[in-house]
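The values are calculated or read from the model by the stated rules, or taken from the named source; none is laboratory data. Remember, it's a predicted structure, so these values are computed and weren't measured experimentally. In this analysis, Cβ positions are derived from the backbone assuming ideal geometry, glycine residues included, and neighbour counts consider all displayed protein chains. Surface areas here come from the heavy atoms of the whole protein model, side chains and all, with no ligands, DNA or RNA. Shrake-Rupley method; radii C 1.70, N 1.55, O 1.52, S 1.80 Å.
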Amino acid sequence: MIRVVFFASIREQLGCDSIDIEQGNADTVGALQSQLAERGEQWRSALSSGPLLTAVNQEMCSLEARISDGDEVAFFPPVTGG
């Protein structure tokens with residue numbers, strides 16, 4: 001199982017802050033993102049609404065980062081401020 005955590009506007013669009021899913025064929029963060037987007041238009045929109053930041057086990061990473069069973073993967077929009 002992989003814990004997937006959503007933050008900020010992504011969490012708001014999906015109406016949940018985290019899910020636990022089977023890893024399936026997703027061996028990278030990008031593959032997991034694609035797998036989640038297949039859940040429907042709401043998921044596709046939330047996960048492709050611009051550049052996202054990603055982390056595996058609370059360490060920032062790229063979409064090419066490898067994931068394994070038991071990992072925590074987080075998706076969140078870039079933080080802006082002023």
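Of note:
- Neighbour net charge for LEU63 - beta-carbon separation under 15 angstrom, K R +1, D E -1: -3
- With only Cα atoms counted, the chain has Rg and Dmax values of 11.8, 41 Å.
- Magnitude of the charge dipole, the chain, Cβ model with Lys/Arg +1 and Asp/Glu -1, debye to 20: 240
- Calculated mean residue ellipticity at 222 nm for the chain: -7500 deg cm²/dmol, from DSSP H runs with n ≥ 4 weighted as -39500 (n - 2.57), summed, divided by the residue count and rounded to 500.
- Nearest-10 value in Å² for the accessible area of GLU22, using the 1.4 Å probe: 130
- Beta bridges per DSSP with both ends in the chain, % antiparallel, nearest 5: 75
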